[in-house]
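Okay, so here's the structure we're looking at.
The values are calculated or read from the model by the stated rules, or taken from the named source; none is laboratory data. Owing to the predicted nature of the structure, the values given are computational and were not obtained by experimental measurement. As a convention, Cβ positions derive from the backbone with ideal geometry for all residues, glycine included, and neighbour counts pool all protein chains shown. Quick note on the areas: whole protein, heavy atoms, side chains included, nothing else; ligands and nucleic acids left out. Shrake-Rupley method; radii C 1.70, N 1.55, O 1.52, S 1.80 Å.
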Amino acid sequence: MIRKALTIAAGVLTIPLIGTAASSQGLPIEWTLSPRSSAPSDTVQLALSYRTGSNGHNMNSGSWKLAELQGLTAAQLGSSQGSPATFRIAREAGVLDCSGVVRQWRGTGECSFRPDARYAAALQSRGIGRPNLREHYQLMVQDVGTPLIQELERQGYKRPGIDDLVAAGIHGVTVPYIRSMAAAGYRLGKVDELVAFRIHGVDADYVREMAALSPPGGRYSADQLVAMRIHGVSAAKAREYAQLGYRGISHGDLVSMAIHGVTPTYIRELADLGYRGLSASDLVSMRIHGVTPAYVRDMRAAGYTLPSAEQLVRMRISGFKPRRK
């Protein structure tokens, strides 16, 4: 379960506060609840927020199993009249005690946060440091427990800081994810690299598929995988390039082709016009300078028979426009 943390401008979210739960000192937490779909289910959308100052909120919003909200029942949520509700979220890092009002699978109220001192002491004893109240709250909401820390240690990762653990929780770096990366051959060494993988959608399936398409004698590095993901080199697109003869090309060529719009369709259209086996750099240069299939067709109609890729680029740069005979 991945829950995103974000800051929103004051006034964007207005939450009427209902309930009697005492707010955590210095961290007054508000909650809102809504259904995940039109049909009631065992999963709800829960948003937890607190003010970060005069200009915004810190918010964590995501899907929660109803069973995680101890004390809250489907019968209460489904009430058409509205009823008081209390529930508790208990995790290794601490406990949230919440109260408010629910009606027809919607609700709002306040929570108080009780950090677990043993958890903070355990982090400090491992050399990670002791979290402040807001960090401790985030670690609880994201459910960052000692199993995650132990898995990082077991796989030889550099000791994380509190910020690293918070980021890992926010972006969904879990024990199964760490293990899946290790099984795919990527023990990255630092938590921030795992976070970068997670942010940009580098999962085990992507790693495996790109490994099969990597250059002979090597595989794409972690940084290269992230760069390709950032610039839209999906595994599906890489497979299409491979089917067109561009298997095992460098990550730089793949990124350049994606950035400059060298699509599989563009390659196929040029091939149909007689331009087969062009290098990745030729394709990128042609695309950058506006050598389109239409331009090539106009050249052929004007009587120019298969100018080279370099000649086409030079003609385009010079502004040459073929006239049809």
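Structure above, values below:
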item	result
Heavy-atom accessible surface of the chain: percent carbon and sulfur, 1.4 Å	50
Using θ = phi - 60° and Karplus 6.51 cos²θ - 1.76 cosθ + 1.60, couplings along the range 269-283 (whole Hz; Gly, Pro as x)	5, 5, 4, 5, 8, x, 9, 10, x, 5, 6, 4, 5, 5, 4
Cβ-based net charge around Val255, under 12 Å, with every Lys or Arg adding one and every Asp or Glu removing one	0
Where labels lie 7 Å past Cα in the beta-carbon direction, separation of Asp163 and Thr265 in nm	4.3
Probe 1.4 Å, protein heavy atoms only - accessible area per residue of the range 118-165 in square angstrom	47
For the range 31-77: accessible area per residue (Å², 1.4 Å)	44
Percent of Cα pairs exceeding the 18 Å cut-off, where the set is the range 78-195	56
Alpha-carbon Rg/Rh ratio, for the range 157-297, with Rh computed the Kirkwood way	1.08
Pairs of alpha carbons in the range 252-320 whose separation is greater than 21 Å (percent)	17
Mean accessible surface per residue for the range 274-325, computed with a 1.4 Å probe while every protein chain stays in place, in Å²	63
Relative compactness, the range 149-202, computed as alpha-carbon Rg over 2.2 N^0.38 Å	0.98
Integer Hz, Karplus 6.51/-1.76/1.60 couplings in order for the range 155-169, x for Gly and Pro	9, x, 6, 4, 4, x, x, 4, 4, 4, 5, 4, 4, 4, x
Two-site label geometry, Asp298 and Ala204: point separation in nm, points 7 Å out along Cα→Cβ	5.2
Rg to Rh quotient for the range 64-114, alpha carbon positions, Kirkwood Rh	0.99
Centroid-to-centroid separation of the range 168-235 and the range 294-313 [C-alpha atoms, Å]	42
The range 62-150, dipole about Cα centre (Lys/Arg Cβ +1, Asp/Glu Cβ -1), debye to the nearest 20	20
Dipole-positive endmost among Phe320, Gly185, Met286 within the chain (Cβ charges, Cα centre)	Phe320
Size of charge dipole - the chain - debye, nearest 20, with Cβ of Lys, Arg +1 and Asp, Glu -1, no other charges	1020
Inter-label distance, nm, simple model (7 Å from Cα along the C-beta direction), Ser79/Ser37	2.6
FRET efficiency for Ala90 and Leu133, using Cβ-Cβ distance with R0 set to 22 Å, rounded to 0.05	0.80
Vicinal HN-Hα couplings computed from phi for the range 145-153 (Karplus, 6.51 cos²θ - 1.76 cosθ + 1.60; Hz; Gly/Pro x)	x, 5, x, 5, 5, 5, 5, 4, 5
For Leu69, residues with placed amide H under 5 Å, excluding near neighbours	none
